[in-house]
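S.K.: Take a look at the following structure, please.
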Amino acid sequence: MSGQQPPLYKFVADRSGQSSPLAVLFVVGFAITSAGFVVSQGGDAFDETKGTATVSLNEQSMSKFDAEASVVALGSSDTRTVPLGDTGDGRYEVRDSGSWIRVEHRNYTASVTNTKNETVYNESMGAVVYEAGSDTIAYEGGGVWRTDEPGNTVMVSPPEFRYRSGTLTMPAIEVAGDTEGAAAGTPSATVERAETRERIYPNETSATGNGVGAPYDDTGAEYDNPVQNGSVAITVHSPHYAGWADYFRERTDGTVSVDDANNEVTVVLRTAGGELGIFTPPNAGDSIAVPSVSQNGHVVDKFKFWLETDNANSNTPFNNRVWGMEYTDAEQRFAFVINSDSGGQCNGGTYSGDFRLTIYYDNRTSGTYQAFEGVYDGSTASDPTIDVLCNGGGYSSDPVLRVDLTSSQPITYQEPVDPSGSSDRPFQSADNSADLRDPVATNDHAADTVGGDDTLNAGETRPVDWVTNHYVAYLAPRFTLTTEPEPGSNNANNNQNVGVEEPASQGELRYDTGLGNGFIRYLHVTENEIEVRIAA
């Protein structure tokens with residue numbers, strides 16, 4: 001083997017027809033060139049690997065900084081010093097501008113025609129940033145983000161933003177510090193609490209000179225929980241907006257929108273509104289909103305009224321009176337009406353007389369209407385639909401008319417006694433010539449079927465509770481109830497119905513809201529400012 005020529009040597013010699021020395025020079029030159037190429041490429045790969053390792057090490061350092069900064073920002077310590085990683089070809093610096101966070105309560109007045117938005121909070125977040133080439137690692141908003149190009153961000157550690165079961169907790173962390181220089185080598189960062197934590201929401205008043213903060217601009221109301229009406233929107237403007245967007249999508253079921261042109265992301269959480277609960281019936285002609293009714297069928301647990309009389313000195317407090325409420329829109333109309341007979345009176349603490357309850361529904365497209373009606377003894381009963389508490393029953397010193405639209409008493413599907421009546425009667429059909437729909441299918445919800453029967457014919461009965469739930473399910477998820485004027489009353493007595501004093505009365509409406517994620521009931525926002533100094 002010692003006398004055998006290398007294949008490349010022999011190939012060159014044979015092809016060139018030259019002597020052995022020339023072949024030797026060619027092989028040597030090729031070897032040197034190849035070695036230089038390998039050294040060059042290997043050096044580039046080594047530099048790239050070294051750079052990637054340096055960025056990764058500083059990513060870990062920034063995560064440690066995040067943990068220590070949160071301890072200071074959220075009040076467990078006044079100051080902490082954190083060693084940072086070897087910066088390599090990069091550097092650390094503090095930036096107090098370039099990113100901000102805004103919290104808005106949109107349409108807090110729940111108006112259809114004149115919406116009002118309240119800016120609850122709007123401040124710069126600031127950041128501690130490590131930059132190396134196209135890679136940026138930033139502590140911002142209590143989280144750590146890594147970005148290598150616009151719109152391409154990954155979350156290293158989550159921000160101080162927590163949403164769970166309708167509660168949003170947002171300790172907004174502001175970073176301030178020396179923004180003039182930058183540190184390289186192996187610097188350290190000192191974190192100090194700059195100001196005492198400030199509560200933004202809930203709060204009675206915290207408005208700054210630009211009008212941001214409590215109280216609400218249009219109503220003067222304080223910031224209070226649960227959050228009512230409209231929606232809450234959180235907008236982040238940041239070079240790392242894409243990472244914030246991913247976080248909002250993963251951690252909430254809110255509506256997330258991204259504005260790439262402006263480096264912004266917004267998440268919107270609808271206010272739950274919650275059940276209506278205890279309320280004061282509005283005066284004649286006025287309305288009250290019923291928010292966030294679950295659309296899962298029969299969800300009303302309680303719908304009651306305690307109506308005070310304005311005839312306190314009479315033993316016939318509700319004699320020959322009519323009181324009712326209705327909801328009307330372009331597609332449907334719902335109403336309930338209570339009529340008392342002319343002979344009812346309180347005698348020895350007991351009411352003698354009957355009341356007629358009419359529940360009316362019209363989908364305004366079929367040319368027919370649906371109605372239930374029942375007559376009930378006004379004396380106190382164990383399960384009353386309508387009765388009179390002559391001594392006030394603990395609700396008042398005056399007689400009280402008690403109405404329970406969720407009682408188990410039967411009510412009959414039939415034409416009302418006077419379906420045309422006065423033009424003011426809530427149960428009057430928009431078309432006086434309309435007929436009672438007979439029969440009517442009642443299979444919209446599983447709870448609609450009674451005893452296996454999903455068809456309703458005139459003369460059949462259902463419990464009052466069933467009827468109320470059946471029609472409220474059509475109105476969900478949000479509707480209003482308007483107190484109707486008593487026929488012939490001319491809105492007397494300061495817009496109150498004769499016989500009923502609405503401001504002294506009380507109603508109660510409780511139901512399942514069926515809320516999941518994407519809703520907000522409780523909002524907690526605090527401002528937490530820290531000062532950061534970076535030194536080599």
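We did not get these values from a lab; they are worked out from the coordinates using the rules stated. Keep in mind that this is a model prediction, so the values were computed, not measured. Please note: Cβ atoms are built from the backbone with ideal geometry, for glycine as well, and neighbour counts cover all protein chains shown.
S.K.: Kindly rank 141-148, 94-101 from highest to lowest mean number of other beta carbons found within 10 Å of each residue.
M.R.: Highest mean packing first, the order is 141-148, 94-101.
S.K.: Amide H to amide H, which residues 5 or more places from Ala214 or on other chains are under 5 Å from it, using H placed in the peptide plane?
M.R.: For Ala214, whose amide H was placed from the backbone, the distant partners under 5 Å are Ser206, Ala207.
S.K.: Kindly write out, for region 227-239 in residue order, the coupling ³J(HN,Hα) from the Karplus curve 6.51 cos²θ - 1.76 cosθ + 1.60 (θ = phi - 60°), rounded to whole Hz, with x marking Gly and Pro.
M.R.: 5, 10, 6, x, 8, 10, 10, 10, 10, 10, 10, 6, x
S.K.: To make sure I understand the rule: partners must be aspartates and glutamates, Cα under 14 Å from the Cα of Lys302, and not fewer than 8 residues away in the same chain. Which ones qualify?
M.R.: Output for Lys302: Glu275, Asp383, Asp404, Asp465, Glu508, Asp512.
S.K.: Moving on. Assuming R0 = 35 Å, what is the FRET efficiency of Asn320 and Ala434, from their Cβ-Cβ distance, to the nearest 0.05?
M.R.: Efficiency for this residue pair is about 0.80.
S.K.: Taking a label point 7 Å from the Cα of Thr205 along the Cα→Cβ vector, which residues of region 84-121 have an amide N closer than 20 Å to it?
M.R.: Backbone N within reach: 118-121.
S.K.: Further, regarding this structure: Provide the percentage of antiparallel DSSP beta bridges, counting only those with both residues in region 277-511; round to the nearest 5.
M.R.: Expressed as a percentage, antiparallel bridges in region 277-511 total about 95.
S.K.: Rounded to the nearest 0.05, what FRET efficiency do Ala458 and Ser287 have when you use their Cβ-Cβ distance and R0 = 35 Å?
M.R.: 0.65
S.K.: Would you kindly state how much longer the chain becomes between Thr380 and Arg478 on full extension, computed as 0.36 nm times their sequence separation minus their alpha carbon distance, in nm to one decimal?
M.R.: The span from Thr380 to Arg478 would gain 31.9 nm if fully extended.
S.K.: For an R0 of 56 angstrom, estimate the FRET efficiency from the Cβ-Cβ distance between Ser352 and Glu222 and round to the nearest 0.05.
M.R.: According to the calculation, E is roughly 0.70.
S.K.: By how many nm would the segment from Asp246 to Tyr522 grow when fully extended, if each residue of separation counts as 0.36 nm and the alpha-carbon distance is taken off?
M.R.: Gain on extension, Asp246 to Tyr522, equals 97.1 nm.
S.K.: Project the alpha carbons of region 277-511 onto their principal axes and report the range along each, largest first, in whole Å.
M.R.: Computed over the Cα atoms, the extents are 48, 36, 33 Å.
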